Amino acid sequence: MSDKQGFMKALKCRECGREVPLTATHVCEFDFGPLEVAYDYELIKKSLTREVICSRPQTMWRYRELLPIAGEPTVGRQVGYTPLVKADRLAKALGIRELWVKNDAVNYPTLSFKDRVVSVALSRSVELGFKTVACASTGNLANSVAANAAAAGLDAYVFIPSDLELGKVVNSLVYGANVISIKGHYDEVNRLCAEIAGKYGWAFVNVNMRPYYAEGSKSMGFEIAEQSGWRVPEHTVVPMASGSLLTKIHKAYQEFTKLGLVPESKWKVHGAQATGCSPISVAQKAGLDFFKPVKPNTIAKSLAIGTPADGFYALKVMKETGGHGDDVSDDEIRDGIRLLAENEGIFAETAGGVTVGVAKKLIASGKIPAGSSAVLCITGNGLKTLEAMTGHVGSTREIRPSLREFEAVMAQDKPELVAR
Ligand SMILES: *Cc1c(COP(=O)(O)O)cnc(C)c1O
Ligand SMILES: [Zn+2]
């Protein structure tokens, strides 16, 4: 490992390939292309083997050579290695031979996949000397920045759209973060944050720290491959907001293949959106390389980005791998949440309903063949979006503490038991 940059080489423009130093910056000055972390794979290959990985604690940091920090992680050291659950009952309900659920609804500490990107972004921010961290968020990112900043003793400013679910708002405030609620949708929050980031010199995890932040998503792909028995699954279904997670899961599979950690294989990465905010999936279905920005209107608020920063690259990954995009209505999202809960005992947030709903569609249409095996990425916890299911899950039956009243209930449900 070289002294100050670990296994990283530089930040590299995805458009023109120019390299710049590993600072807090995210766009190429030459053509405004997005910057991405470039690694020294020769060096990584010498140090990262299956044996080395397996000897390390079960967190996302067991793949640390492939994550963009120079030294040891200092923030979010416990994040990741969430369960990959074999979902036989859901497989049967959706009509597919084999199905797995990668369950980031129980990620540590804030119950969403965002803990992955935040632990990387904040660890790198500390390395670069920042004392204040910030983000533009659709909810989960704000929760994770607030919590991880609190634990690391950093000051946090989180910016959210004002129409977020109560659970997401309280989950940011409780850690003592400065929560700025913007009267506007996420794309407006993001635009404001770009201005603030330029002026205040904070570490904005998804603005000037975005090249490092985004790499954290790869850990979900690394874990899926390792937990699948060191192979890449045939089909992976991924929810899309900015589209970044989808591109990074693909990159994770590519890196593991390049390093010889998994055998060469073909895989398809499919992208899921809500119909009320589906710029990427609509473009994919129309066979286009570019999306048209939209104004979001969906219960899947965590995915409500109308101008997705990585939409173009997500379309490219789906095209390259032969994956498909699709989208589901609010009612289908609720159905998806119920299907996962009733068949697997996992309560996902709206984004999970999107993923299950889209997987159901892709299986029904044969785009994911019934005889194949698929992994669904469940990225957030249903306890944070209770509003979405309130009034859609049946209701409790209230009685006085009396056997007679209970038997009146049972007389409706199971009269044969009451009659005895
Ligand atoms: C942020 C988020 C995503 C997707 O994020 P990308 O911007 O596409 O990387 C998916 N699910 C949940 C619950 C999220 O909070
Ligand atoms: Zn460039």
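The values are calculated or read from the model by the stated rules, or taken from the named source; none is laboratory data. Remember, predicted model here, so these are calculated numbers, not experimental data. Cβ: placed from backbone, ideal geometry, glycine included. Neighbour counts: every protein chain shown. The protein model used for the area step is the full one, side chains on, heavy atoms only, and it has no ligands, DNA or RNA in it. Shrake-Rupley method; radii C 1.70, N 1.55, O 1.52, S 1.80 Å.
Laid out as a table, the results:
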item	result
Criterion: modelled with pLDDT of 95 or more and more than 16 Å from ligand 1 (Cβ to nearest atom) - qualifying residue of ILE305, ILE399, ILE378	ILE399
Residue count for segment 168-223, restricted to those that are at pLDDT below 95, small (Gly, Ala, Ser) and open to solvent by 30 Å² or more (accessible area, probe 1.4 Å)	3
Flag if PHE32 is within 26 Å of ARG77 (Cβ to Cβ) and either more than 16 Å from ligand 1 (Cβ to nearest atom) or open to solvent by less than 70 Å² (accessible area, probe 1.4 Å) (or both)	no
From the options LYS384, LYS361, residue that is among the basic types (Lys, Arg), touching a helix residue (DSSP H, G or I) at 6+ places or on another chain (Cβ under 6 Å) and not assigned by TED's automatic domain parsing to the domain that holds LEU141	LYS384
Matching entry among GLU332, GLU349 (being surrounded by fewer than 24 Cβ atoms within 10 Å (Cβ to Cβ) and of a type outside the set (S, T, N, Q))	GLU332
Any chance VAL145 is more than 16 Å from ligand 2 (Cβ to nearest atom) and not assigned by TED's automatic domain parsing to the domain that holds SER302	yes
Within segment 273-287, tally of residues that are surrounded by fewer than 24 Cβ atoms within 10 Å (Cβ to Cβ) and either assigned to a loop (DSSP other than H, G, I, E, B) or at pLDDT below 95 (or both)	4
Residue list for segment 368-420, restricted to those being assigned to a helix (DSSP H, G or I) and in contact (Cβ under 8 Å) with a residue 24 or more places away in the chain	GLY382, LEU383, LYS384, LEU386, GLU387, ALA388, MET389
Some residue of segment 287-307 being more than 19 Å from the chain's Cα centre (by Cα) and in contact (Cβ under 8 Å) with a residue 40 or more places away in the chain	yes
Only listed residue being more than 17 Å from GLU127 (Cα to Cα) and either in contact (Cβ under 8 Å) with a residue 40 or more places away in the chain or not hydroxyl-bearing (Ser, Thr, Tyr) (or both), chosen from LEU43, LEU11, LEU22	LEU43
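Let's see how each residue does on (1) assigned to a helix (DSSP H, G or I); (2) open to solvent by 60 Å² or more (accessible area, probe 1.4 Å); (3) closer than 29 Å to VAL27 by Cβ; (4) in contact with a helix residue (DSSP H, G or I) (Cβ under 7 Å, 6 or more places away or on another chain):
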position	(1), (2), (3), (4)
THR247	yes, no, yes, yes
GLY260	no, no, no, no
GLY271	no, no, yes, yes
ASP289	no, yes, yes, yes
ILE299	no, no, no, yes
GLY336	yes, no, no, yes
